[in-house]
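Novice: First the structure, then my questions, so here it is.
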Amino acid sequence: MLRQPLLTLLAAYRPFDEHDARARDRIVRFVESHADCFERSLAIGHVTGSAWIVDPSRSRCLLTHHRKLDRWLQLGGHADGECDVLAVAMREAREESGLTSLRAVSDAIFDCDVHPIPERKSEAEHHHYDVRFLVEADPDEPLVVSDESHELAWIALEDVASLSGDWSVERMAAKTAR
């Protein structure tokens, strides 16, 4: 079963707080219930992979000002049929930042989140079942802003809360600071 590697990672994951635990449990139920969970064509939602990118000192993270959602978020995106969610996170991070120095700190899950994606012209509202990994990169490497972003920026962890307004992003900053 293509879903088993992700279910194994989720079973090993130790949540940071109750919201994180509920998100993990929702992702497990979703993956167990939908053989096509990695496909964007699953209209109710799909698995996504994200990279929480930090500098080597773990004092800053790289965020994108997402064009469609108009918010500062971690980099990531759709699995598009790929069941290796870490590979998805790394691919999306490269595509959205232009960074070549990306290195997964671990193949273990760093964070889980389930969030709604608003309705758009060609898409009904749906959920992203987001599995996130801790990734390190060289902050001196030039960034390349993709067409999915307004901007990319290295943000001090203590400034994330005032910039993002998204509790799951703030939680990842808190995990990193811990």
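The values are calculated or read from the model by the stated rules, or taken from the named source; none is laboratory data. These numbers come from a predicted model, not from an experiment. FYI the Cβ positions are ideal-geometry reconstructions off the backbone, even for glycines, and counts take in every protein chain you see.
Novice: I'm trying to understand the selection: among the residues of the range 6-19, which are touching a residue at least 40 places away in the same chain (Cβ under 8 Å) and in a helix (DSSP H, G or I)? Give the derivation first.
Specialist: Step one: of the range 6-19, the residues touching a residue at least 40 places away in the same chain (Cβ under 8 Å) are 6, 9-10, 12-13, 15-17, 19.
Once the filter is applied, which keeps residues that are touching a residue at least 40 places away in the same chain (Cβ under 8 Å) and in a helix (DSSP H, G or I), the range 6-19 yields Leu6, Leu9, Leu10, Ala12, His19.
Novice: Given Leu63, Leu75, Leu102, which one is surrounded by 14 or more Cβ atoms within 10 Å (Cβ to Cβ), more than 16 Å from Phe38 (Cα to Cα) and touching an Asp or Glu at 6+ places or on another chain (Cβ under 6 Å)? Full working, then the answer.
Specialist: Values: Leu63 fails: touching an Asp or Glu at 6+ places or on another chain (Cβ under 6 Å); Leu102 fails: touching an Asp or Glu at 6+ places or on another chain (Cβ under 6 Å).
Only one candidate passes the filter, namely Leu75.
Novice: Sticking with this structure for a sec: With respect to Glu18, determine if the residue is among the charged types (D, E, K, R) and at pLDDT below 95.
Specialist: Values: among the charged types (D, E, K, R): yes; at pLDDT below 95: yes.
Criteria met by Glu18.
Novice: For the range 20-96, which strands (runs of 3 or more DSSP E) that fit wholly inside it have 1 or more residues that are closer than 15 Å to Arg132 by Cβ and in contact with a Gly (Cβ under 7 Å, 6 or more places away or on another chain)? First the steps, then the outcome.
Specialist: Working: elements: 45-54, 60-66, 71-73, 75-78.
Qualifying strands (runs of 3 or more DSSP E): 45-54, 75-78.
Novice: Within the range 118-144, work out how many residues are in contact (Cβ under 8 Å) with a residue 24 or more places away in the chain and surrounded by 12 or more Cβ atoms within 10 Å (Cβ to Cβ).
Specialist: 17
Novice: Now for a different question. I'd like to check something: does the range 137-145 contain any residue that is assigned to a strand (DSSP E or B) and either hydroxyl-bearing (Ser, Thr, Tyr) or at pLDDT 95 or above (or both)?
Specialist: Taking the range 137-145 as the starting set, the residues that turn out to be assigned to a strand (DSSP E or B) are none.
Checked against the condition, which is being assigned to a strand (DSSP E or B) and either hydroxyl-bearing (Ser, Thr, Tyr) or at pLDDT 95 or above (or both), the range 137-145 yields no hits at all.
Novice: Could you tell me how many of the residues in the range 18-53 are surrounded by fewer than 17 Cβ atoms within 10 Å (Cβ to Cβ) and under 17 Å from the mean Cα position of the chain (by Cα)?
Specialist: The total comes to 6.
Novice: Taking the range 97-126 on its own, how many of its residues are touching a helix residue (DSSP H, G or I) at 6+ places or on another chain (Cβ under 8 Å), in a strand (DSSP E or B) and farther than 18 Å from Trp154 by Cα? Full working, then the answer.
Specialist: Taking the range 97-126 first, the residues touching a helix residue (DSSP H, G or I) at 6+ places or on another chain (Cβ under 8 Å) are 99-100, 102, 104, 107-115.
Filter once more, so that each one left must be in a strand (DSSP E or B): 104, 111-115.
Now drop any that are not farther than 18 Å from Trp154 by Cα, which leaves 111-115.
Residues flagged as touching a helix residue (DSSP H, G or I) at 6+ places or on another chain (Cβ under 8 Å), in a strand (DSSP E or B) and farther than 18 Å from Trp154 by Cα within the range 97-126 amount to 5.
Novice: Also: Just to verify a result, which residue in the range 146-162, among those that are under 24 Å from Pro15 (Cβ atoms) and surrounded by fewer than 17 Cβ atoms within 10 Å (Cβ to Cβ), is modelled with the lowest pLDDT?
Specialist: Per the criteria, the residue is Ala161.
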